Amino acid sequence: PKNASLHYNLGLVLCRMERPEDALAAFRAALKHAPDHVNALFEKASAQMELGRIEEAEAGFAAYTARVADDADGWLNLARLRLRLDRAEGAAEAFARASTLRKDDIEARIGAAEAKLRLGQASGLADLRALHGERPDLRARLLKAMTQGPRGRIPLASQALTRGAAGEGG
């Protein structure tokens with residue numbers, strides 16, 4: 001009962017059985033017995049993410065990446081969670097870190113562009129357009145990000161708003 005590895009392995013089995021709540025309890029037990037068990041920390045945050053506990057999962061991946069700074073997957077998960085929490089600046093930083101660890105990672109490139117869009121940076125749209133040309137297999141996903149964004153947002157140029165207000169071009 002005090003063996004962190006057994007709790008950790010049980011958590012992995014429970015994840016495969018699609019029982020994230022039970023897996024989360026197993027990972028918590030592993031961390032109770034071995035607070036430095038970084039794999040359990042990663043999996044605990046993953047289980048929280050699976051359960052929709054976004055704030056907790058973000059905190060978990062922040063703690064994980066503070067301990068394991070060279071894990072691109074940890075940074076990517078942290079970045080995606082920060083995007084979901086409307087923390088675009090923190091997401092951009094995490095995507096940048098993931099990109100330094102895993103050169104040309106497509107997830108990091110797409111995410112970084114989405115973060116730029118959220119921050120109102122036009123270069124985000126340019127980045128998505130560039131990916132659109134490079135990766136035909138991702139066109140549907142990229143078009144969605146370019147036109148809707150993660151929450152149905154459409155990036156507008158300020159000129160479009162002023163033309164409409166002045167009665168030009170509708």
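Quantify, in whole percent, the carbon and sulfur part of the accessible surface of region 8-150 (1.4 Å probe; protein heavy atoms only).
51
One decimal place: the segment Val68-Arg28 gains 12.6 nm when fully extended, by the rule 0.36 nm per residue minus the C-alpha distance. Of the listed residues Met17, Met146, Met49, the order by accessible area with a 1.4 Å probe, largest first, is Met17, Met49, Met146.
What per residue convex hull volume, in Å³, do the alpha-carbon atoms of region 1-81 yield? Intermediate values should be presented prior to the final figure.
Working: hull volume 6.2 nm³, N = 81.
Output value, Cα hull per residue: 77 Å³.
Full-extension gain between Glu50 and Glu18, please, as 0.36 nm times their residue separation minus the C-alpha to C-alpha distance. Could the numbers behind the result be given before it?
Details: separation 32, 0.36 × 32 = 11.52 nm, distance 0.97 nm.
Length difference between fully extended and current span is 10.5 nm.
Legend: distances between Cα atoms for Lys44/Lys103; Lys2/Lys103; Lys32/Lys103; pairs beyond 29 Å are Lys2/Lys103; Lys32/Lys103.
Estimated from helical segments only, the mean residue ellipticity of the chain at 222 nm is -22500 deg cm²/dmol, where each DSSP H run of four or more residues counts as -39500 (n - 2.57).
This structure gives Cα Rg over 2.2 N^0.38 Å, computed directly, and of [x] 1.27; [y] 1.06; [z] 1.42 that value is listed as [x]. The residues of region 71-139 have, on average, 48 Å² of accessible surface per residue, using a 1.4 Å probe with all protein chains present.
The values are calculated or read from the model by the stated rules, or taken from the named source; none is laboratory data. Treat the numbers as computed from the prediction; the structure is a model and nothing was measured. Protein only, heavy atoms only, side chains kept; ligands, DNA and RNA dropped before computing areas. Shrake-Rupley method; radii C 1.70, N 1.55, O 1.52, S 1.80 Å.
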